[in-house]
1. Please work out which option in [x] 56, 37, 25; [y] 78, 49, 32; [z] 44, 32, 28 gives Cα extents along the principal axes in Å calculated from these coordinates, and answer with its label.
2. How much net charge surrounds residue 131 when only other residues with a Cβ under 12 Å from its Cβ are counted (Lys, Arg +1; Asp, Glu -1)?
3. Relative to the Cα centre, what is the charge dipole magnitude of the range 1-80, using +1 at the beta carbon of each Lys and Arg, -1 at the beta carbon of each Asp and Glu, and rounding to the nearest 20 debye?
4. Could you tally the net charge around residue 169, taking each other residue with its Cβ under 12 Å from the Cβ of residue 169, Lys/Arg +1 and Asp/Glu -1?
5. Pull the list of the chain cysteines that no other Cys approaches to under 4.7 Å, Cβ to Cβ.
6. Of the DSSP beta bridges with both residues in the chain, give the percent that are antiparallel, rounding to the nearest 5.
7. Rounded to whole Hz and in sequence order, give me ³J(HN,Hα) for the range 142-154 from the Karplus expression 6.51 cos²θ - 1.76 cosθ + 1.60, θ = phi - 60°, writing x for Gly and Pro.
8. With every protein chain present, what is the per residue accessible area of the range 41-175 (1.4 Å probe, Å²)?
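The values are calculated or read from the model by the stated rules, or taken from the named source; none is laboratory data. This is a predicted model, so every value here is computed, not measured. Counting neighbours? That spans all protein chains shown, and the Cβs are built from the backbone with ideal geometry, glycine included. These area figures cover heavy atoms from the full protein model, side chains too; ligands, DNA and RNA do not enter into them. Shrake-Rupley method; radii C 1.70, N 1.55, O 1.52, S 1.80 Å.
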Amino acid sequence: GGQVFGFGSSQQMRQAGMTWAKVQVRYNLGDPPSIVQGAINEARTNGFRVMLSVVGSPEQLRANPGQYFAQFAQFLGGVAQLGPEAIEVWNEQNIDREWPAGLINPASYTQMLSAAYQAIKAANPRVLVISGAPAPTGFFGGACTPNGCDDDAYIRGMAANGAANVMDCVGIHYN
């Protein structure tokens, strides 16, 4: 499978051997889980399993991380009830384009992942929980800083904080 922006080429996708489609969805506080229903329906109508990559708002997260984690997890629990095959919890949370600068930290992300995992599995234990895939980068000299983190250091930091206990798969990017 792969990330798709629509299913206009579904025949070619199937010819290439794809059986999964990743669809990215942006969550904002107050959005109902039903915002993802169209993506699930479209994938299924075209014969694909669907992984929803759900990202949120860095600005909203910055305002109150603990409260945001709880609301994001509640949203993901509602999404799980709709029956996607998998949910990726955020995306590229190791860089300031996707996570608030100054707050980038694998321990903090693992707290969010833990809340999300519990909500998703309580709502639908069949849904796979995939950690957000860090952006591949060597920009930070092999380390984590409050403003960004190299992917290998970030994954090690997640592991050190128990992420393996709150996910079914590790999200990675090959780009």
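1. This structure yields the entry labelled [z].
2. Value of the local net charge: -4.
3. 220 debye
4. -3
5. If one checks each Cβ against the other cysteines of the chain, 169 turn up with nothing under 4.7 Å.
6. Details: 3 of 21 bridges.
Around 15 percent of the beta bridges assigned by DSSP in the chain are antiparallel ones.
7. x, 10, 10, 10, x, 9, x, 8, 5, 4, 5, 5, 5
8. With all protein chains present, the range 41-175 gives 43 Å² per residue.
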